[in-house]
Amino acid sequence: MQTLENKSILLIISGGIAAYKSLELIRLIRKSGGNVRCILTKGGEQFVTPLSVSALSEQHVYTDLWSLKDETEMGHIRLSREADLIVIAPASANLLAQMANGLAQDLASTTLLAADKPILIAPAMNHQMWDNPATQKNLKTLETRGIKQVGPTKGDMACGEHGMGRMAEPEDIMNAINSFFFERPLSGYSALISSGPTVEPLDPGRFIGNRSSGKQGRAIAAALSSAGANVTLVTGPVALTDPAGVNTIHVETATQMLAACESAIETDPKLDIAICAAAVSDWRAKDAQDQKIKKRDGETAPTISFTENPDILRAIANHKHRPTLVVGFAAETENLLDNAKAKLSRKGCDWVLANDVSAAQDNQKVFGADENHVYLINENGVDDWGKSSKTAIAIKLAEHIAQHLQQDEQKHAAE
Ligand code: C5P
């Protein structure tokens with residue numbers, strides 16, 4: 001797996017509630033072997049302390065342009081010279097405005113004006129500030145100067161409002177950092193991913209659902225996007241933020257999920273990759289009620305009749321615009337490998353990623369957990385990928401897919 005060993009990142013943390021997420025980003029960069037030195041603006045200091053930043057980065061934290069100590073030890077010029085990449089997370093509307101207008105008012109803006117290194121911004125602000133034409137103009141200006149951006153995403157904001165402006169999650173910023181240093185082998189490819197559970201209504205308030213957290217599908221969408229692919233993620237209801245840079249479509253039922261997937265295929269009939277990671281409910285209530293099903297004294301419990309839901313994986317694998325590579329998941333409680341192999345032909349997909357969700361494996365720890373043990377099954381046999389984090393599985397899958405598609409293209413070119 002690729003690491004950030006021998007890579008130095010200068011992380012600028014400006015003022016915004018999202019600054020707390022930058023502490024996690026520092027941890028992720030360090031975990032990946034990277035060196036991270038931080039500048040904390042006066043605004044940033046209102047949200048995280050120099051002590052926590054320094055404890056996590058294990059380095060002195062730079063805060064003041066005019067500090068004699070900071071300038072003698074490490075001038076603002078050297079701060080950027082010694083970095084391979086400058087990351088600003090969170091990038092406040094104010095700091096973006098300073099950058100766009102070439103202001104040098106404090107250590108962060110002065111270092112940025114004097115920088116000779118690539119810059120990645122992770123904007124974070126209230127949605128009105130984001131939508132403001134002044135901010136949008138500044139972002140355009142920065143884009144034309146080659147400054148790269150990750151996020152923001154849409155969602156609930158710390159101020160209680162809802163909209164565009166949430167900072168990308170630390171894992172997504174890490175993916176964007178990795179894209180700077182490593183080849184993007186899926187550039188030019190497009191992918192469709194189904195993820196999360198589906199929920200099937202019984203009445204306006206009740207539904208049938210399952211324990212899927214959507215973490216594996218989200219990690220796959222993020223990994224493919226960071227490898228350069230153009231990704232559409234169709235997800236059932238999950239408690240996760242949308243991955244930055246991914247076209248995310250929210251659905252509830254299996255019928256809606258199928259419609260969203262088919263519409264993605266119709267929109268892009270040359271789709272290269274489809275990965276069905278969703279835990280689709282196999283059945284839905286035949287007659288979902290418009291009114292709440294009432295419990296009445298003396299009445300027997302209601303009987304619910306079910307009807308089968310569409311099989312989305314099978315529909316994609318047999319679609320007239322079938323993507324080149326179709327990957328399914330198999331969550332089995334018994335005979336894992338045999339059932340998974342049978343699924344390959346039954347569904348018509350190319351690969352199956354199988355994982356054991358039996359009680360022996362403690363299924364509470366698969367659904368919603370951060371780790372998984374998977375096996376890749378295809379025409380070549382079974383490959384045990386061992387137990388690793390869902391993020392690591394997603395990155396490995398992206399690498400395998402890139403290799404497979406490139407070999408496939410070479411084979412076709414030779415024919
Ligand atoms: O049919 P089964 O649940 O065993 O197969 C699992 C695989 O099929 C997963 O990839 C899942 O996303 C997909 N699936 C689907 N639509 C269904 C049922 C399963 O896409 N209705």
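The values are calculated or read from the model by the stated rules, or taken from the named source; none is laboratory data. As the structure is a computational prediction, the values presented were derived from the model and not from experiment. Here Cβ is always computed from backbone atoms with ideal geometry, including for glycine, and neighbour counts include all displayed protein chains. We work out accessible area using only protein heavy atoms, side chains counted, and drop any ligands, DNA or RNA first. Shrake-Rupley method; radii C 1.70, N 1.55, O 1.52, S 1.80 Å.
Among the residues of the range 28-48, how many are open to solvent by 70 Å² or more (accessible area, probe 1.4 Å) and touching a residue at least 60 places away in the same chain (Cβ under 8 Å)? Going through the range 28-48 one residue at a time, the tally reaches 1. Filtered by the rule that a residue be among the charged types (D, E, K, R) and either part of a helix (DSSP H, G or I) or more than 15 Å from the ligand (Cβ to nearest atom) (or both), the range 303-321 gives Arg314, Lys320. The strands (runs of 3 or more DSSP E) found entirely in the range 143-246 that carry 3 or more residues being open to solvent by less than 30 Å² (accessible area, probe 1.4 Å) are 190-195, 230-235. Here is a check on your reading of the model: is Glu266 more than 9 Å from the ligand (Cβ to nearest atom) and out of contact with any Ser or Thr (no Cβ under 6 Å at 6 or more places or on another chain)? So Glu266 passes the test. Exactly one residue out of Gly155, Gly163 is small (Gly, Ala, Ser) and under 27 Å from Ser389 (Cα atoms), and it is Gly155. Taking Glu332, is it within 12 Å of the ligand (Cβ to nearest atom) and either more than 29 Å from Asp287 (Cα to Cα) or at pLDDT below 90 (or both)? Judged against the criteria, Glu332 is a match.
Report, by residue number, each residue of the range 341-353 that is more than 9 Å from the ligand (Cβ to nearest atom) and at pLDDT below 95. Passing the criteria: Lys341, Ala342, Leu344, Ser345. Identify the single condition in (1) within 20 Å of the chain's Cα centre (by Cα); (2) at pLDDT 95 or above that Glu262 does not satisfy, given that it satisfies every other one. Against the list (1) within 20 Å of the chain's Cα centre (by Cα); (2) at pLDDT 95 or above, Glu262 comes up short only on (1).
Look at (1) touching a Leu at 6+ places or on another chain (Cβ under 7 Å); (2) at pLDDT below 95; (3) assigned to a helix (DSSP H, G or I) and you find that Leu65 fails only one, number (3).
Applying the set (1) open to solvent by 80 Å² or more (accessible area, probe 1.4 Å); (2) assigned to a loop (DSSP other than H, G, I, E, B); (3) within 12 Å of the ligand (Cβ to nearest atom) to Thr300 leaves exactly one unmet item: (3). Exactly one residue out of Asn175, Asn210 is in the same structural domain as Ser14 (by TED's automatic domain parsing) and either under 13 Å from the mean Cα position of the chain (by Cα) or within 20 Å of Leu313 (Cα to Cα) (or both): that is Asn175. Just one residue in the set Ala260, Ala244, Ala279 is within 16 Å of the ligand (Cβ to nearest atom) and touching a residue at least 40 places away in the same chain (Cβ under 8 Å); that residue is Ala279. Residues in the range 330-342 that are open to solvent by 30 Å² or more (accessible area, probe 1.4 Å) and either assigned to a helix (DSSP H, G or I) or touching a residue at least 60 places away in the same chain (Cβ under 8 Å) (or both): 5 in all.
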